[in-house]
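The values are calculated or read from the model by the stated rules, or taken from the named source; none is laboratory data. As the structure is a prediction and not an experimental result, all values here were calculated from the model. Glycine gets a Cβ as well: all are built from the backbone with ideal geometry, and neighbour counts include every protein chain shown.
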Amino acid sequence: MAPNRRPSKSKYTADRGTPGAFEGETVTRRRFMTGTAHGAGALATMGFTLPALAFAIGPIFKNQSLGWQTIGTPDMFPDNNYIPAVMVIAPGVGEAGKSTVYVRRRNPAIDTQPPSEFNRWVAVTSRCSHLGCSVRWIPSAERFICPCHGSVFDLEGVRVAGPAPRPLDRFFTRLHDGFVQVGRRYSVNSELRAFSPRDPGEPLDGIGQYLYPSRPSVRI
Amino acid sequence: MPKLPAPPIPPQFLPQPPRPGTQRGRPRTPLEKGAEAGKSAVDWIDERTSLSGGVRWMLFRKVPKGTNWYYTLGSATLFAFLSQAVTGVFLAMYYRPETTGGAYESVRYINNDVFLGQLVQGMHKWGSSVMVVLVFLHMGRTFFFGAYKYPRELNWVIGVVLLILTMTMAFTGYLLPFDQQSYWATIVGVNINGTGPLIGPYLSDFLRGGPEFTATTLSRFYAIHMLLVPGAIAAMIGAHLYLVAKLGTTAPPWQRAAVDTPELVEEKV
């Protein structure tokens with residue numbers, strides 16, 4: 001190279017003039033070889049990391065439903081008091097996967113939502129909307145009370161005291177072959193408007209429904 | 001290359017020259033033969049790896065004046081981690097991550113029937129609290145002594161990552177006995193994770209392996225607890241220790257360097 005010649009500006013042609021390089025080639029073979037080796041290595045690494053990662057986060061995107069579960073006959077449930085029933089919310093974990101659901105018949109004097117095939121009974125979860133402890137229905141007080149942090153909910157499951165951010169979740173109900181069945185869970189905001197189920201601790205009023213989006217695994 | 005400092009070997013262990021007048025070809029005692037064998041084994045490895053320089057660089061460092069007992073908190077945390085690692089490996093020999101009674105039963109079996117099982121499980125259980133406490137004490141020492149400042153900021157960052165990993169270990173390990181307490185604590189803990197805006201709900205689904213707490217959750221927590229996070233902690237501790245050896249430790253803030261301060265004199269104009 002002539003001593004006065006300006007150095008090549010592009011790093012892609014920096015290898016020009018090395019022994020064996022063709023005149024005028026834009027990407028030298030050395031650079032091509034390096035790039036190919038790095039690219040092949042990256043491809044091979046992605047070949048096992050991406051499937052493993054997808055394997056780990058796959059359940060987030062899989063919609064999981066347990067279908068309808070029979071909990072009793074229509075005459076078991078009055079319209080002014082909740083009757084506890086047991087349902088499975090998580091399969092395969094034995095007793096730990098069972099949960100209490102509080103059920104009463106729909107009472108037009110209290111329940112102002114339009115009647116439909118799926119709300120002839122009001123099924124309220126026993127899972128506190130604060131952090132997931134088990135609430136208990138106290139008939140004499142007509143209140144659900146959570147033992148963990150003292151949230152209190154009224155007959156409709158709407159919060160009247162405590163740290164809970166939204167009313168108690170509900171389940172779809174239906175009459176099937178003469179039996180009352182409960183289906184999927186849904187969450188409600190303080191006006192009892194239905195949303196896809198949220199986890200405990202996630203508010204639904206105002207900006208809450210956007211800060212805590214519904215998840216594909218339980219979206220209705 | 002600068003000469004590495006010689007290890008501070010006590011004089012009685014240094015090789016002694018033969019006394020004047022003694023026979024050079026004296027038969028060696030079995031103790032001397034044993035010492036020779038050990039030395040030649042270490043030499044054999046060192047000749048092929050040159051490890052001794054690194055070991056000396058790591059272990060025989062100069063520490064500043066004023067170094068005190070608070071500087072042992074990091075080593076104490078490391079020791080707690082090693083204790084957790086060893087007891088955890090042996091607990092894994094008996095533990096079964098089954099939600100339908102197997103997990104609880106295996107922990108009950110470890111505690112009641114296995115020889116020294118109660119001790120090993122107890123060390124692991126209480127050791128986890130000890131480790132969390134030591135991490136915070138070590139962090140407090142670093143903070144109050146100003147040891148996080150330049151050029152040690154990166155070591156502080158690595159330390160914070162280690163703190164998060166330690167908390168992850170404590171959280172995932174809490175579920176494994178699978179009794180009422182750990183079950184409900186994990187439900188509440190995962191729901192607290194879910195209260196993070198925007199990604200919280202997805203994080204909950206990831207932790208549970210689905211919308212509800214199932215058998216997948218337990219095996220997932222077990223894998224995170226005994227494979228994923230311990231590996232990450234070990235790697236991070238390696239980086240942490242490398243930086244400690246590389247940058248050295250700081251003197252306590254009350255320690256002043258001995259400098260000759262020129263006496264102040266009134267300036268005559």
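From the list B:Phe221, B:Phe178, the lone residue that is out of contact with any Gly (no Cβ under 6 Å at 6 or more places or on another chain), crowded, with 18+ Cβ neighbours inside 10 Å, within 14 Å of chain A (Cβ to nearest Cβ) and not in a helix (DSSP H, G or I) is B:Phe178. Restricting the stretch A:102-133 to residues that are of a type in the set (Val, Ile, Thr) and more than 14 Å from chain B (Cβ to nearest Cβ), the residue that is nearest to the chain's Cα centre (by Cα) is A:Val124.
Per-residue answers, yes or no, for (1) buried (at least 18 other Cβ atoms within 10 Å of the Cβ); (2) more than 14 Å from chain A (Cβ to nearest Cβ):
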site	(1), (2)
B:Pro197	no, no
B:Gly200	yes, no
B:Ala234	no, yes
B:Gly238	no, yes
B:Glu267	no, yes
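Applying the set (1) touching a residue at least 40 places away in the same chain (Cβ under 8 Å); (2) in contact with a helix residue (DSSP H, G or I) (Cβ under 7 Å, 6 or more places away or on another chain); (3) not in a loop (DSSP other than H, G, I, E, B) to A:Ala96 leaves exactly one unmet item: (1). Using the structure shown, decide if B:Thr186 is of a type outside the set (Gly, Ala, Ser), touching an Asp or Glu at 6+ places or on another chain (Cβ under 9 Å) and within 14 Å of chain A (Cβ to nearest Cβ). It is false that B:Thr186 is of a type outside the set (Gly, Ala, Ser), touching an Asp or Glu at 6+ places or on another chain (Cβ under 9 Å) and within 14 Å of chain A (Cβ to nearest Cβ). Just one of the listed residues (B:Thr186, B:Thr168) is surrounded by fewer than 20 Cβ atoms within 10 Å (Cβ to Cβ), touching a residue at least 24 places away in the same chain (Cβ under 8 Å) and either not hydroxyl-bearing (Ser, Thr, Tyr) or not in a loop (DSSP other than H, G, I, E, B) (or both), and it is B:Thr168. Only residues that are under 17 Å from A:Ser126 (Cα atoms), more than 14 Å from chain B (Cβ to nearest Cβ) and either over 22 Å from the mean Cα position of the chain (by Cα) or small (Gly, Ala, Ser) (or both) were counted across the stretch A:73-101, and they come to 7.
When the stretch B:109-143 is examined, which residues are found to be exposed (fewer than 12 other Cβ atoms within 10 Å of the Cβ) and aromatic (Phe, Trp, Tyr)? Quick ask: steps written out before the conclusion?
Keep residues of the stretch B:109-143 that are exposed (fewer than 12 other Cβ atoms within 10 Å of the Cβ), which gives B:112-113, B:115-116, B:126, B:129, B:143.
Residues satisfying the conditions are B:Phe115, B:Trp126, B:Phe143.
Yes/no per residue for (1) within 16 Å of B:Tyr222 (Cβ to Cβ); (2) in contact with a Ser or Thr (Cβ under 7 Å, 6 or more places away or on another chain); (3) at pLDDT below 95:
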residue	(1), (2), (3)
B:Tyr104	yes, no, yes
B:Met123	no, yes, no
B:Val132	no, yes, no
B:Leu137	no, no, no
B:Asn155	no, no, no
B:Leu162	no, no, no
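For the stretch A:68-79, residues that are in contact (Cβ under 8 Å) with a residue 60 or more places away in the chain and not in a helix (DSSP H, G or I) total 7. Counting residues in the stretch B:215-226 that are at pLDDT 90 or above and more than 29 Å from A:Val218 (Cα to Cα) gives one or more. Among the residues of the stretch A:181-219, the ones that are part of a loop (DSSP other than H, G, I, E, B), surrounded by 15 or more Cβ atoms within 10 Å (Cβ to Cβ) and basic (Lys, Arg) come to 2 in all.
Is one or more of the residues making up the stretch A:133-155 touching a Gly at 6+ places or on another chain (Cβ under 9 Å), under 20 Å from A:Arg193 (Cβ atoms) and of a type in the set (Val, Ile, Thr)? No, the conditions are met nowhere in the stretch A:133-155.
Regarding the stretch A:172-180, can at least one residue be identified that is assigned to a loop (DSSP other than H, G, I, E, B) and of a type outside the set (D, E, K, R)?
Quick first cut of the stretch A:172-180, residues assigned to a loop (DSSP other than H, G, I, E, B) only: A:177-178.
Narrowing further to those that are of a type outside the set (D, E, K, R): A:178.
Looking for residues that are assigned to a loop (DSSP other than H, G, I, E, B) and of a type outside the set (D, E, K, R), one finds at least one in the stretch A:172-180, hence yes.
Scanning for something away from chain B (no Cβ under 14 Å), small (Gly, Ala, Ser), closer than 25 Å to B:Gly210 by Cβ and under 33 Å from the mean Cα position of the chain (by Cα), does the stretch A:31-51 turn up at least one residue? The answer is no; no qualifying residue exists. In the stretch B:92-103, the residues that are within 10 Å of chain A (Cβ to nearest Cβ) and buried (at least 20 other Cβ atoms within 10 Å of the Cβ) form Cβ pairs under 7 Å with partners that are in a loop (DSSP other than H, G, I, E, B) and among the β-branched types (Val, Ile, Thr), at six or more places apart or across chains, as follows: B:Thr99/A:Val93.
Considering A:Val124, A:Val93, A:Val101, the condition of being of a type in the set (A, V, I, L, M), surrounded by 15 or more Cβ atoms within 10 Å (Cβ to Cβ) and in contact with a Gly (Cβ under 8 Å, 6 or more places away or on another chain) is satisfied by A:Val124 alone.
Take the stretch B:67-100 and flag every residue that is hydroxyl-bearing (Ser, Thr, Tyr) and outside any helix (DSSP H, G or I).
Residues of the stretch B:67-100 hydroxyl-bearing (Ser, Thr, Tyr): B:67, B:70-72, B:75, B:77, B:83, B:87, B:94-95, B:99-100.
Matches in the stretch B:67-100: B:Thr67, B:Tyr94, B:Tyr95, B:Thr99, B:Thr100.
In the stretch A:199-215, the residues that are more than 7 Å from every other protein chain (Cβ to nearest Cβ) form Cβ pairs under 9 Å with partners that are in a helix (DSSP H, G or I) and not β-branched (Val, Ile, Thr), at six or more places apart or across chains, as follows: A:Pro203/A:Gln209; A:Pro203/A:Leu211; A:Ser214/B:Pro201. A search for C-beta distances below 7 Å between a residue of the stretch B:136-161 that is among the basic types (Lys, Arg) and any residue that is surrounded by 15 or more Cβ atoms within 10 Å (Cβ to Cβ), counting only pairs 6+ apart in sequence or on different chains, returns B:Arg141/B:Tyr70; B:Arg141/B:Leu73.
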